[in-house]
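Written below as structure tokens is the structure these notes are about.
The values are calculated or read from the model by the stated rules, or taken from the named source; none is laboratory data. Here the structure is a predicted model, which is why all the values come from computation and not from measurement. Positions of Cβ are backbone-derived with ideal geometry, glycine not excepted, and every protein chain shown enters the neighbour counts. Side chains are part of the model used for accessible areas, which takes the heavy atoms of the whole protein and leaves out ligands, DNA and RNA. Shrake-Rupley method; radii C 1.70, N 1.55, O 1.52, S 1.80 Å.
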Amino acid sequence: MSGGQHQQCIACGSKMRTFIERISDDRYGCPGVYAIDRCVSCGHMSTAPRLTEEDLPALYSNYYPRREIDFVALEKEAALVQRPLAGFRRWIAGTDNQGHYLAKPGQKVLDIGCGSCLSLLEMRTLGVDCWGIEADPNVRTIAEKYALRVHIGNIYDVPFPDQKFDLIVLNQVIEHVPDPLAMLAALKGRLNSGGRVMLAFPNTGSFHRKLWKERWINWHIPYHQNHFNRTSFALLARKSGYDVGRIRTITPNLWSVLQLRTSGEQRQEGKASNTWSESGNSQKPPSLVQKLRNVAVSRGARLAGVMMGFGNRALDAMGQGDSLLVELRLSATKK
């Protein structure tokens with residue numbers, strides 16, 4: 001399946017051309033072949049053909065790794081937010097590419113795409129008043145177990161209608177959204193005065209994307225519908241009526257480990273990756289905790305991880321990291 005008729009770039013309106021002609025799900029085995037189109041002006045990229053909001057619940061329910069939940073691992077991971085030097089540890093590991101870590105006790109925070117609810121458990125532990133939205137119906141079980149305020153659906157359902165928020169977080173979410181302009185517009189009426197939107201998403205301007213080309217793990221087709229760089233996202237945000245604050249890059253060390261592991265795998269359409277699943281025929285990838293344990297099985301692996309961390313922090317300092325963390329505020333002229 002090729003890109004077909006190219007649409008205009010959603011960020012700047014310029015022409016889109018085919019950048020990658022054939023690409024498929026190399027993680028979880030969702031069948032189908034897609035293309036990636038690239039804007040000739042700002043470099044924004046999009047997956048073709050595009051999905052709709054109606055396509056998402058079935059896609060994530062059938063292929064994403066939350067059909068079976070390890071509650072013990074989830075609780076252990078959430079408890080780490082209070083360990084000594086937690087912030088420094090996140091910086092070293094590159095796991096501070098999450099907007100909810102900027103929330104302060106007492107603030108009202110909405111996490112859109114809260115996934116396993118780890119972020120909500122962490123925020124609740126830190127005294128943050130939090131809510132979540134998640135398209136995957138499997139997450140209902142987690143929310144009910146921990147009495148978390150999670151709406152199964154999307155922002156267009158207008159969940160929690162009487163509530164406004166000091167911070168709205170989209171951690172690795174906006175790239176999944178078929179229409180990010182509509183998403184950003186829907187957030188504007190949900191912010192308190194002076195509120196912020198924090199977004200984290202893969203950076204197509206990164207060193208690793210240029211190095212690994214079509215094997216870059218963050219193409220993540222078809223789950224990622226849009227592929228941003230620093231310039232294209234800033235254009236999109238301003239078009240949506242936001243002022244763009246700080247933009248920085250952060251590279252999770254785990255991403256680099258997974259990139260190396262998957263680089264040698266033989267891709268096969270409709271078959272799950274051995275790295276991302278417990279077996280090549282399974283659609284149940286191991287949890288983040290399991291992956292980290294597997295990575296740290298030897299002293300040599302730990303040393304390699306330290307060296308990789310230094311390299312990633314250097315890339316981040318140069319703006320070449322694999323994930324962008326962006327702060328938005330409502331434009332004073334477009335509120």
Output ordering of 307-317, 153-163, 96-106, 133-143 (per-residue mean of other Cβ within 10 Å, highest first) is 133-143, 96-106, 307-317, 153-163
In the chain, taking the dipole from +1 charges on Lys and Arg beta carbons and -1 charges on Asp and Glu beta carbons about the Cα centre, the listed residue (ALA317, VAL109, PRO202) farthest towards the positive end is ALA317
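For the chain, what is the mean residue ellipticity at 222 nm derived from helices alone (per DSSP H run of n ≥ 4: -39500 (n - 2.57); sum divided by total residues; nearest 500 deg cm²/dmol)?
Values: 11 runs with 102 residues, N = 335.
Value at 222 nm, helices only, nearest 500: -8500 deg cm²/dmol.
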Please report, in whole Å, how far the alpha carbons of region 128-271 spread along each principal axis, starting with the longest.
-> 50, 38, 26
Per 10 Å bin, what is the whole-percent P(r) computed from every C-alpha pair distance within region 123-211?
-> 14, 43, 31, 11, 1
Label-point gap, in nm, between ASP162 and GLU214 - each point 7 angstrom along Cα→Cβ | 5.5 nm
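Which FRET efficiency value, to the nearest 0.05, do you get for GLU53 and ARG140 by plugging their Cβ-Cβ distance into 1/(1 + (r/R0)^6) with R0 = 25 Å?
After rounding, the FRET efficiency stands at 0.85.
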Over the heavy atoms of ILE168, what accessible area does a 1.4 Å probe trace out, to the nearest 10 Å²?
-> 0 Å²
In a shell of Cβ-Cβ distance under 12 Å around ARG89, excluding ARG89 itself, what net charge do Lys and Arg (+1) and Asp and Glu (-1) give?
-> +1
Once you have a ≥ b ≥ c as the square roots of the Cα gyration tensor eigenvalues for region 38-191, tell me rounded if a/c is under 1.5, and otherwise prolate or oblate according to whether a/b is larger than b/c.
-> rounded
Would you mind calculating the relative contact order of the chain from Cα pairs under 8 angstrom and at least 6 residues apart, reporting the percent as a whole number?
-> 23 percent
Quick one: of the DSSP bridges fully inside the chain, what percent are antiparallel, nearest 5?
-> 60 percent
Inter-label distance, nm, simple model (7 Å from Cα along the C-beta direction), LEU102/PHE71 = 3.4 nm
Regression test value, accessible area per residue of the chain, probe 1.4 Å, units Å², expected 45 Å²
Three-way shape call for region 68-116 based on the alpha-carbon gyration tensor, with the a/c threshold at 1.5 = oblate
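Local charge sum around ALA11 (other residues, Cβ-Cβ under 10 Å, Lys/Arg +1, Asp/Glu -1)?
+2
In terms of the Cα gyration tensor, with a ≥ b ≥ c the square roots of its eigenvalues, is region 79-157 rounded because a/c is under 1.5, prolate because a/b exceeds b/c, or oblate?
Since a/c reaches 1.5 and a/b is larger than b/c, the shape of region 79-157 is classed as prolate.
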According to a simple spin-label model (label point 7 Å from Cα along Cα-to-Cβ), what is the distance in nm between THR125 and MET307?
-> 3.2 nm
Net charge near GLY113 (other residues with Cβ under 11 Å of its Cβ; Lys, Arg +1; Asp, Glu -1) is -4
